[in-house]
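Shown next, in structure tokens, is the structure this report addresses.
Please treat every number below as a calculation from the coordinates, not as lab data. The shown structure was predicted, so the numbers you read here are calculated from the model rather than taken from an experiment. For neighbour counting, all protein chains shown are included, and Cβ atoms are generated from backbone atoms with ideal geometry for every residue, glycine included.
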Ligand SMILES: C[S@@+](CC[C@H](N)C(=O)[O-])C[C@H]1O[C@@H](n2cnc3c(N)ncnc32)[C@H](O)[C@@H]1O
């Protein structure tokens, strides 16, 4: 993939950048109960609202957002993924997708009611430029949500920590506390239709050695996927 097709400031995301088809299987498997959306909607419903999905990837979550929101804006720094998101939402008039990064949102001030980032960019220290952009684009009375893996919990957290040893969960937690964001743990799960899909997903998420261990430790078609939902009001 030519680097010129990736906006400045993008955080490498090899899982979806290299294998969007496998990442699609992951998205299909994650959270069959819709617990993450329900938790966000309970805090700040988005019926009739303008919703921004930051780091929307191939736009997997945009149609569900568009089923309730008046307007949905996807922002994705990888131009090819942004094109896939646009194609996915071609029949949905309220959806727009921009090839851009969280640090430089191509949106007017105070134009968004609800911003959501799922497993994208807002990973703790270093995401201050994106937080400044959220403060600029989210209207008074709006909310921003960040959904991410909780690396402190369960086998998934352990496999992640072995794959990214530089990641410090205490530093990430302290960062969000300093920023004044709230949190709640979410016990999500991934449920696959086929064992081969589960194994393929583990192989894009972890180093080869850790993936093989994860595959050996996992029976059946289901994985616990402990997440944390963070949010703040504007
Ligand atoms: C793990 S994927 C998640 C994609 C999508 N949120 C989903 O749930 O399907 C992370 C995404 O964040 C995007 N990303 C990386 N750096 C970013 C940045 N600076 N601003 C916004 N998005 C970014 C990546 O290109 C990738 O598409």
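Could I have the simple spin-label model distance between residue 168 and residue 24, label points 7 Å from Cα toward Cβ, reported in nm to one decimal?
Here the answer is 4.0 nm between the modelled labels.
Once a ≥ b ≥ c are taken as the square roots of the eigenvalues of the Cα gyration tensor of the stretch 78-164, is the result rounded (a/c under 1.5), prolate (a/b larger than b/c) or oblate (a/b not larger than b/c)?
Oblate, since a/c reaches 1.5 and b/c is not below a/b.
Between residue 158 and residue 233, what length comes free when the chain is fully extended (0.36 nm per residue of separation minus the Cα-Cα distance, one decimal in nm)?
Net length gain for the segment: 23.9 nm.
Using Cα atoms only, what is the angle between the long axis of helix 208-217 and the major principal axis of the chain, expressed in degrees (0 to 90) to the nearest 10?
Approximately 70 degrees, to the nearest ten.
Bin all alpha-carbon pair distances of the stretch 143-222 at 5 Å intervals from 0 and give each bin's fraction as a whole percent.
3, 13, 21, 22, 17, 12, 8, 4, 0
With n ≥ 4 as the cut-off for DSSP H runs, can you work out [θ] at 222 nm for the chain, using -39500 (n - 2.57) per run divided by the number of residues, rounded to the nearest 500?
That comes out to -11000 deg cm²/dmol.
Looking at the square roots a ≥ b ≥ c of the eigenvalues of the Cα gyration tensor of the stretch 1-116, which shape do they give, rounded for a/c under 1.5, prolate if a/b is larger than b/c, or oblate?
Oblate.
What percent do you get for the relative contact order of the stretch 3-233 when only Cα pairs under 8 Å and 6+ apart count?
The normalised contact order for the stretch 3-233 reaches 22 percent.
Using only the alpha-carbon atoms, how far is helix 20-29 inclined from the longest principal axis of the chain? Give it as 0 to 90 degrees, nearest 10.
Between the helix axis and the principal axis of the chain, the angle is about 90 degrees.
Mind checking which of 30, 138, 164 has the largest fluctuation in a GNM of the chain, springs on alpha carbons under 10 Å?
Evaluated over the chain, the most mobile residue of the options is 164.
Please report the spacing between the Cα centers of the stretch 1-46 and the stretch 149-225 in Å, no decimals.
Between the Cα centres of the stretch 1-46 and the stretch 149-225 lies a distance of 14 Å.
Give me the orientation-averaged projected area of the Cα convex hull of the chain, in nm², one decimal.
Over all viewing directions, the chain projects a mean Cα-hull area of 12.0 nm².
What spacing in nm lies between the two simple spin-label points modelled at residue 92 and residue 38, each 7 Å away from Cα in the Cβ direction?
2.1
May I ask you to derive the FRET efficiency for residue 191 and residue 136 from their Cβ-Cβ distance with R0 = 35 Å, giving the value to the nearest 0.05?
Once rounded, the FRET efficiency stands at 0.35.
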